[in-house]
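What follows is a set of notes on a single structure, which appears directly below.
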Amino acid sequence: MRLDGRRAVVTGGSRGIGEAVARALAAEGCRALVCARGLDAARELAEELGGGAEAVACDVSSAESVERLAVAARDAMGGVDILVNNAGIAPSAPLEKQTLEDWERVFGVNVTGTFLCMRAFLPAMREAGWGRIVNVASIAGKVGAPYIAAYSASKHAVLGLTRSAATEVATEGVTVNAVCPGYVDTPMTTASVENITAKTGISPDQAYAFMRDASPQKRLIDPEEIAYLTVCLCDPRARGVNGQAIVLDGGGVQT
């Protein structure tokens with residue numbers, strides 16, 4: 001159990017990638033706090049994880065909500081050693097049909113939410129001299145793709161935030177990295193397909209084929225693969241990995 005006794009917060013933790021990450025961290029000995037907008041699903045997962053796992057409702061795009069999350073985490077666990085910023089949204093539309101409201105909502109959750117959580121939990125990690133922050137980005141943070149201009153721009157921003165923060169804490173026992181999955185087999189991908197088909201007229205099969213064909217392995221990534229990589233980045237022996245944006249897409253994006 002590589003992370004025995006560590007305390008972790010996972011945002012967007014009740015399903016998809018976040019759920020897989022919470023399970024993987026708990027399996028390695030972490031006490032996990034599952035954060036999600038819907039408290040019922042978060043509580044259900046926390047109860048299943050056991051080991052003192054907690055659940056908190058939080059809207060990461062709200063500074064006040066993130067402040068309450070930070071207080072709840074300190075009260076419940078005494079501190080936080082690991083932060084996984086997974087909460088995200090990905091509405092899809094051709095650029096000329098992208099609304100300003102959706103653009104701002106994507107940046108509010110994906111970018112501002114990541115910033116707010118890092119700002120809330122990073123100071124205590126620096127004071128303790130140990131911490132791990134993993135931001136779940138995307139290959140869309142490295143390359144563009146049709147119909148996801150807002151999402152791609154937001155994930156490019158997350159990578160910039162990751163790299164800048166990593167340089168600030170490089171000598172303090174804290175690392176900040178990002179994982180950049182390709183298309184993942186999650187409910188969010190299903191919702192993206194529904195958005196694409198509704199707004200472009202292509203069929204669901206065509207949308208899924210586009211996503212699968214983006215990987216040389218011709219498949220969607222499993223959430224457990226991302227969870228495994230996240231655990232590796234949180235391992236104390238990974239202290240030399242800092243400021244990196246690691247791609248997990250079967251070899252399609254090689255940067």
Qualifying residue in the range 166-175 (condition: open to solvent by 60 Å² or more (accessible area, probe 1.4 Å), in a loop (DSSP other than H, G, I, E, B) and not basic (Lys, Arg)): yes
Flag for Arg23 being closer than 13 Å to Thr230 by Cα and at pLDDT below 95: no
Evaluation of Leu33 against (1) in a loop (DSSP other than H, G, I, E, B); (2) crowded, with 18+ Cβ neighbours inside 10 Å (one fails), failing number: (1)
Answer from Met118, Met125 - the residue that is in contact with a helix residue (DSSP H, G or I) (Cβ under 8 Å, 6 or more places away or on another chain), assigned to a helix (DSSP H, G or I), more than 21 Å from Thr189 (Cα to Cα) and not aromatic (Phe, Trp, Tyr): Met118
Restricting the range 228-255 to residues that are over 20 Å from Met211 (Cβ atoms) and of a type in the set (Ser, Thr, Tyr), the residue that is surrounded by the fewest Cβ atoms within 10 Å (Cβ to Cβ): Tyr228
Residue list for the range 126-145, restricted to those being under 15 Å from Asn177 (Cβ atoms) and not hydrophobic (A, V, I, L, M, F, W, C): Gly131, Arg132, Asn135, Ser138, Gly141, Lys142
Qualifying residue in the range 39-47 (condition: basic (Lys, Arg), part of a helix (DSSP H, G or I), surrounded by fewer than 20 Cβ atoms within 10 Å (Cβ to Cβ) and touching a residue at least 40 places away in the same chain (Cβ under 8 Å)): no
Members of the range 156-165 that are open to solvent by 10 Å² or more (accessible area, probe 1.4 Å) and touching a Ser or Thr at 6+ places or on another chain (Cβ under 8 Å): Leu161
Residues of the range 76-99 classified as part of a helix (DSSP H, G or I), open to solvent by 20 Å² or more (accessible area, probe 1.4 Å) and at pLDDT 95 or above, total: 1
Flag if Ala73 is in contact with an Asp or Glu (Cβ under 9 Å, 6 or more places away or on another chain), within 20 Å of Ala120 (Cβ to Cβ) and open to solvent by less than 50 Å² (accessible area, probe 1.4 Å): yes
Filter result (open to solvent by less than 10 Å² (accessible area, probe 1.4 Å) and either in a strand (DSSP E or B) or touching a Cys at 6+ places or on another chain (Cβ under 9 Å) (or both)) within the range 139-154: Ala140, Gly141
Close pairs (7 angstrom Cβ cut-off, 6 or more residues apart or separate chains): within 17 Å of Ala128 (Cβ to Cβ) in the range 68-83, part of a loop (DSSP other than H, G, I, E, B) and open to solvent by less than 30 Å² (accessible area, probe 1.4 Å) anywhere: Ala73/Val80; Ile82/Cys30
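The values are calculated or read from the model by the stated rules, or taken from the named source; none is laboratory data. These numbers come from a predicted model, not from an experiment. We place every Cβ from the backbone using ideal geometry, glycine too, and count neighbours over all the protein chains shown. Areas reflect the complete protein model, heavy atoms only, side chains present, ligands, DNA and RNA absent. Shrake-Rupley method; radii C 1.70, N 1.55, O 1.52, S 1.80 Å.
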